[in-house]
Amino acid sequence: MKKDIKPPVVTDIAVAIVHEAGEDGVMVWNSYLLNMKSETIEGVLVSTKGYGKKAKETVKTSMLRHFLNIMKPGSFAKIEPIVEDLVGLSNEFWVSFYLNKVMHDKKYVFMAESIKEQNLIDIPLINKKGVMIK
């Protein structure tokens, strides 16, 4: 039965949203996946979506999928930029990957209004300021 299935616990994988200068020098919010493990993860797939209320109207973004393939130990990869208009919404990142031929997955949700300057911390590996869920 479904209750008897114990999925593996995901540790040392994080999603960070970093406030940094874009290609044109304008500050943007970019999302990153961080592999803080001492092992390589493979078949990495990240599904993203945003949702919430803006000006009393319900807003839902399209779901986007990003295949990052292989991430070496202690590495990070850019997922996607977050448009300034969507920073105030809840932003969800569903991460799936294989570790030692076993599938792992975890949902990371940045709640509405959590992506803002006063919540910034130093993000490991990237060495920039941002918000992170581990």
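Read the figures in this text as sums done on the coordinates, not as results from a lab. Keep in mind that what you see is a predicted model, and the values were worked out from it rather than measured. Cβ placement follows ideal geometry from the backbone for every residue including glycine, while neighbour counts extend to all protein chains displayed.
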Subject >> Local net charge near K128, Cβ-Cβ under 13 Å (Lys/Arg +1, Asp/Glu -1) >> reply: 0
Subject >> Dipole moment magnitude, nearest 20 debye, the chain about Cα centre, only Lys, Arg, Asp, Glu C-beta charged >> reply: 620 debye
**OP:** Show the residues, 5+ positions off or on another chain, whose built amide H is closer than 5 Å to the amide H of K54.
**Re:** V59
Subject >> q = 0.16, 0.19, 0.22 Å⁻¹, the chain: log10 I(q)/I(0) [Debye, one scatterer per Cα] >> reply: -0.84, -1.11, -1.37
Original post:
Hey, what do the phi angles of region 51-61 turn into as Karplus ³J(HN,Hα) couplings, whole Hz, using 6.51/-1.76/1.60 and θ = phi - 60°, x for Gly and Pro?
Top reply: 7, x, 10, 9, 6, 6, 10, 6, 10, 9, 8
Subject >> ³J(HN,Hα), Karplus 6.51/-1.76/1.60, whole Hz, each residue of region 119-134, x for Gly, Pro >> reply: 9, 5, 10, 6, 8, x, 6, 7, 6, 9, 7, x, 10, 9, 10, 10
Original post:
Which shape class applies to region 1-58: rounded if a/c is under 1.5, otherwise prolate when a/b exceeds b/c and oblate if not, where a ≥ b ≥ c are the square roots of the Cα gyration tensor eigenvalues?
Top reply: oblate
Subject >> Members of K3/K49; K56/K129; K2/K60; K6/K106 lying beyond 22 Å, as alpha-carbon distances in this model show >> reply: K3/K49; K56/K129; K2/K60
Original post:
So what is the relative contact order of region 2-133, in percent, for Cα pairs below 8 Å that sit 6 or more residues apart?
Top reply: 28 percent
Original post:
In region 1-103, which trypsin sites (Lys or Arg not before Pro) fall in coil by DSSP and have 10 or fewer other Cβ atoms within 10 Å?
Top reply: K56, K101
Original post:
Which is the longest stretch in the chain that no exposed loop site breaks, taking sites as GluC sites (Glu not before Pro) with a DSSP loop state and at most 15 other Cβ atoms within 10 Å?
Top reply: 40-112
Subject >> Selected from N35, N91, P81, residue furthest toward positive end of dipole (region 32-92; charges at beta carbon) >> reply: N91
